[in-house]
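Worksheet for the structure shown next.
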Amino acid sequence: MSVYEYIVRTKDLSRVYTMGDTQVRALDNVALDIRRGEYVSIMGPSGSGKSTLFNMIGGLDKPTKGTVFIDEVDMAQLTASELAFLRCRKIGYIFQTFNLIPVMTALENVTLPMVFAGLTTDTAMDKGLGLLKTVGLGDRYDHKPTELSGGQQQRVAVARALANDPAIVLADEPTGNLDLRTGKEIITLLKQMNEEKKVTIISATHDLKMIDVSDRVVWIRDGKIERIEERKDIDIQVGQMEGEEQ
Amino acid sequence: MSDSQGAGSVLGEPDRAGIQKQIVLPWSRALQMTRENIFVRLGRSAITASGIFLGIAFLSAVLFGAAAANVKARLDLTQLGLEHEQSELQARIVWLAAMSLLVATVGIVNSMLMSVTERYKEIGTMKCLGALDSFIVRLFILEAGVLGILGSVAGAFVGAGIMMLAYIGRIGRGGVLESWTAPALQLGGTDIRLWLAILLATVVGGMLSIAAALYPAWQAAKMPPAAALRSEF
Ligand SMILES: Nc1ncnc2c1ncn2[C@@H]1O[C@H](COP(=O)(O)OP(=O)(O)O)[C@@H](O)[C@H]1O
Ligand SMILES: [Mg+2]
């Protein structure tokens, strides 16, 4: 009997990439349950399958085998438009390379998912400006991505991910292209959104700074879950690490 | 309705037919995005439009030449007994027109392919934000249509304009003006007057442009977002 409500569950999840004669098993029978409202970091070295898992959970690619349930709905059963609805309204995406639409201003980037969701222009603008303020870019709404620093672009991406009040924010190496300080700011921002908006955060990363804010850390290697650490275990470890440093 | 937002269930109400599940792209926003795409990537847009421009300029020059030759023949009163020569000229015109359209088509297919492939990542991102495949296709059709029409209209003016200057010495101002209503082309046994032929050429230019964008845009739109996002452009 579980006390948790799971927002994401994967069952026997496998993804095999075939390139010519070679096959890469990027995910190998992954079973992972993610609780509503938690902050989960998916840690692992480069090539361990983090992005592949991100794509599967986000409905951006289809598994070779196994199932992803979002709120107990099997994602493979969704029609194309239901899947688009899910991406638009229920999941926010954050990428290592920010992926803002280059020809659009910060505000236009943030309002685009709201336009897709059917909000009127005025409502979308108001909400978009509010979100940009929340991420500390209230005065930069009219700037194009090229006129913003990496950290600022990632803040716009965070605002955009939150545009339709998603239940889940999925991030793939959100600090991968940022320096130490800016990376920390983004992590803090994500944690703040997690606490204030109760949004579930699932972040693939190999940035150890992320451990501090995570409720759980899922370590993966070669497409398999190696171990899952709970907050209380992490605290002990972080304490030990700090002790060792001194 | 209210639980379709926030941390509620994934698909809103359990029944799957609710209107709140609709994803939309209003025409006003689509047009605004088209305008931004064209202006921000002015270089690429100019290249795309110039393919059509050159093709249609050449085509309307050929058409003008044909119409002006008809006028000249009438002015010279030499059209008697020239049926055979006329039909040979007609065949040559059709051939030239077809060639110029072919050249334009190759050019525009090429630049549409490039303008779609260099935007794979953007297409993938839009799909993450909830865009339907049809939104992607619609945006590219709009852009191709606008560029195709602009290129065609400019091409028609320049092509015909140059020929007007070239012919003014030979058939005079009146002859040049008369050419616009002279037959320029025979299609299925009916004479097509110059102005109509050039108008048709312009429309064909716009259609060619859209047709050229359709296939690459549709290909890119139906890619899984993960694949589109991976591309290095
Ligand atoms: N589209 C693809 N085609 C072929 N191989 C891929 C593809 N995507 C990922 N891989 C391979 O799958 C493995 C896991 O990759 P990925 O999920 O990107 O790892 P990570 O994000 O942890 O660095 C790697 O060996 C990678 O080379
Ligand atoms: Mg990765």
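Summary table below
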quantity	calculated
Any hit, segment A:201-208, residues being exposed (fewer than 15 other Cβ atoms within 10 Å of the Cβ) and at pLDDT below 95	yes
Residue that is farthest from the other protein chains (Cβ to nearest Cβ), among those in segment A:40-86 that are outside any helix (DSSP H, G or I) and of a type in the set (Lys, Arg)	A:Lys65
Flag if B:Met112 is without any contact (Cβ under 8 Å) to a residue 12 or more places away in the chain, over 20 Å from B:Ala68 (Cβ atoms) and crowded, with 23+ Cβ neighbours inside 10 Å	no
Residue under evaluation B:Thr181, criteria (1) in contact with a strand residue (DSSP E or B) (Cβ under 6 Å, 6 or more places away or on another chain); (2) surrounded by 21 or more Cβ atoms within 10 Å (Cβ to Cβ); (3) more than 14 Å from every other protein chain (Cβ to nearest Cβ), criterion not met	(2)
Qualifying position, being acidic (Asp, Glu), within 16 Å of ligand 1 (Cβ to nearest atom), farther than 23 Å from A:Leu189 by Cα and modelled with pLDDT under 95, among A:Asp28, A:Asp21, A:Asp61	A:Asp21
Residue ID - nearest to ligand 1 (Cβ to nearest atom), chosen from residues in segment A:64-86 that are in contact (Cβ under 8 Å) with a residue 24 or more places away in the chain and of a type in the set (Val, Ile, Thr)	A:Thr64
Filtered residues of segment B:203-232 (kept if surrounded by fewer than 16 Cβ atoms within 10 Å (Cβ to Cβ), more than 11 Å from the chain's Cα centre (by Cα) and either more than 11 Å from every other protein chain (Cβ to nearest Cβ) or away from ligand 1 (no atom under 16 Å from the Cβ) (or both))	B:Leu214, B:Tyr215, B:Gln219, B:Lys222, B:Ser231
Some residue of segment A:3-25 being in contact with a Phe, Trp or Tyr (Cβ under 6 Å, 6 or more places away or on another chain), within 16 Å of ligand 2 (Cβ to nearest atom) and over 23 Å from B:Asp133 (Cα atoms)	yes
Entirely in segment A:108-199, the helices (runs of 4 or more DSSP H) that have 1 or more residues that are under 16 Å from the mean Cα position of the chain (by Cα) and modelled with pLDDT of 95 or more	A:150-161, A:180-197
Some residue of segment A:87-101 being within 27 Å of A:Val213 (Cα to Cα), within 16 Å of ligand 1 (Cβ to nearest atom), within 7 Å of chain B (Cβ to nearest Cβ) and touching a residue at least 40 places away in the same chain (Cβ under 8 Å)	yes
Residue within segment A:109-121 that is buried (at least 23 other Cβ atoms within 10 Å of the Cβ) and away from chain B (no Cβ under 11 Å) present	no
The one condition in (1) buried (at least 18 other Cβ atoms within 10 Å of the Cβ); (2) more than 16 Å from ligand 2 (Cβ to nearest atom); (3) in a loop (DSSP other than H, G, I, E, B); (4) free of Cβ contacts under 8 Å to residues at least 60 places away in the same chain that A:Gly37 fails to fulfil	(4)
Identity of the residue in segment A:41-74, away from ligand 2 (no atom under 16 Å from the Cβ) and of a type in the set (Val, Ile, Thr), that ends up surrounded by the most Cβ atoms within 10 Å (Cβ to Cβ)	A:Ile70
Test result for B:Phe39, in contact with a Gly (Cβ under 7 Å, 6 or more places away or on another chain), assigned to a helix (DSSP H, G or I) and either surrounded by fewer than 15 Cβ atoms within 10 Å (Cβ to Cβ) or modelled with pLDDT of 85 or more (or both)	no
Tally of residues being in a helix (DSSP H, G or I) and at positive phi across segment B:123-157	0
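The values are calculated or read from the model by the stated rules, or taken from the named source; none is laboratory data. From a predicted model like this one, the values you see are computed outputs, not experimental measurements. Don't worry about glycine lacking a Cβ; one is built from the backbone with ideal geometry, like all the others, and counts go over all protein chains shown.
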